[in-house]
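The values are calculated or read from the model by the stated rules, or taken from the named source; none is laboratory data. This one's a predicted model, so the numbers in the text were calculated from it and none came from an experiment. Positions of Cβ are generated from backbone atoms using ideal geometry, with glycine treated the same way; all protein chains shown enter the neighbour counts. Accessible surface areas use protein heavy atoms only, side chains included; no ligands, DNA or RNA. Shrake-Rupley method; radii C 1.70, N 1.55, O 1.52, S 1.80 Å.
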Amino acid sequence: MTGSQHIPSDRETELLDAAYRYVLEHGLQGLSLRPLASAIGSSPRVLLFLFSSKEGLVRAILGRARQAELAAMGDLRSLESTTRDVWSWLAASGHRSLLTLWLETYALSVSDPGGPWDDFAARTVADWLELLGVVQPPERATLTLAVLRGALLDLLATGDVSRTSHAVEASIDLPAGRDATAS
């Protein structure tokens, strides 16, 4: 362990988990420390002390969100089961708040770099590609990620699980790479 690694206290972990749940319900847009602190049984002063700044708290919440997403995806087994398993997880109604937060943060990362979400989009792409790349070549992992991300955006916009699930299922047999366009 290096000297720069921070080991959170039990209270810091408790408040981070509560803040994460709060953001899942309320989103990041217009996040204010006073209502957040009140809702989670703390004070703005304590949150600032523990997380150094509002941006530090947002970074910690986003790190917590990434951990939850990656942990829930589990082990990858094969191209077909990976795509299906990941989509099943993404399409589950119990994950909508996490995925809505993911979408909000992804968009902020792309449209407003420099904030606490600065490299969130690039890091989440790398996370997904690493997970998918365990059982797929890079071109296929990129294609799978593009299909899953597009279907997820549609699902969050429309709530149409059936249509988006059929699209993901159809994508499993799509060829990837240069040969995909050569016919």
| Heavy-atom accessible area per residue, the chain, 1.4 Å probe: how many Å²? | 55
| message | Could you give the length gained by full extension between residue 129 and residue 156, i.e. 0.36 nm per residue of separation minus their alpha carbon distance, to one decimal place? | response | 7.6 nm
| field | Where labels lie 7 Å past Cα in the beta-carbon direction, separation of residue 52 and residue 5 in nm | value | 1.7
| query | Dipole of segment 22-117, Cα-centred, from +1 at each Lys and Arg C-beta and -1 at each Asp and Glu C-beta, to the nearest 20 debye? | reply | 320
| remark: Diffing segment 98-110: the Karplus 3J(HN,Hα) column from phi (6.51, -1.76, 1.60, θ = phi - 60°), in whole Hz with x for Gly and Pro, holds 5, 6, 5, 4, 4, 4, 4, 6, 4, 5, 4, 4, 7
| Given charges at beta-carbon only (K, R positive; D, E negative), |dipole| of segment 73-170 in Debye | 220
| For residue 118 and residue 93, what is the calculated FRET efficiency with R₀ set at 41 Å and r taken between the beta-carbons, to the nearest 0.05? | 0.85
| request: Quote the accessible area belonging to residue 161 in square angstrom, nearest 10, computed with a 1.4 Å probe and with ligands, DNA and RNA left uncounted. | output: 60
| field | Surface share of carbon and sulfur [accessible, 1.4 angstrom probe, percent] for the chain | value | 55
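When you count, for each residue, the other Cβ atoms within 10 Å and take the mean per peptide, how do 145-158, 25-38 rank with the highest first?
Details: 145-158: 16.2, 25-38: 13.7.
Highest to lowest by the protection proxy: 145-158, 25-38.
What net charge do the residues around residue 111 carry, taking every other residue with its C-beta under 12 Å from that of residue 111, with Lys and Arg at +1 and Asp and Glu at -1?
-3
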| query | For segment 14-19, in order, what is each residue's ³J(HN,Hα) by Karplus, 6.51 cos²θ - 1.76 cosθ + 1.60 with θ = phi - 60°, in whole Hz (x at glycine and Pro)? | reply | 4, 5, 5, 4, 5, 5
| How many nm is it between the label spots at residue 32 and residue 68, if each spot is 7 Å from the Cα in line with the beta carbon? | 2.3
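Rounded to the nearest 500, what is the chain's calculated 222 nm mean residue ellipticity when only DSSP H runs of at least 4 contribute -39500 (n - 2.57) each, over all residues? Intermediate values should be presented prior to the final figure.
Numbers: 9 runs with 127 residues, N = 183.
Helices in the chain give a 222 nm mean residue ellipticity of -22500 deg cm²/dmol.
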| task | Quote the accessible area belonging to residue 7 in square angstrom, nearest 10, computed with a 1.4 Å probe and with ligands, DNA and RNA left uncounted. | result | 120
| task | Towards the positive end of the charge dipole of the chain, with charges on Cβ (+1 Lys, Arg; -1 Asp, Glu), say which of 83, 126, 171 has the farthest Cα. | result | 126
| note | For residue 172 and residue 18, extending 7 Å from Cα along the Cα-Cβ vector and measuring point to point gives, in nm, a value of 4.4
| Which option, [x] 34, 18, 15; [y] 32, 22, 18; [z] 43, 21, 12, is the value of semi-axes √(5λ) of the Cα gyration tensor in Å that was calculated from these coordinates? | [x]
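For the chain, what is the charge dipole size about the Cα centre, in debye to the nearest 20, if Lys and Arg each add +1 at the Cβ and Asp and Glu each add -1 at the Cβ? Don't skip to the end; give the middle numbers.
Working: 16 positive and 22 negative charges, 86 e Å.
The calculated dipole for the chain is roughly 420 debye.
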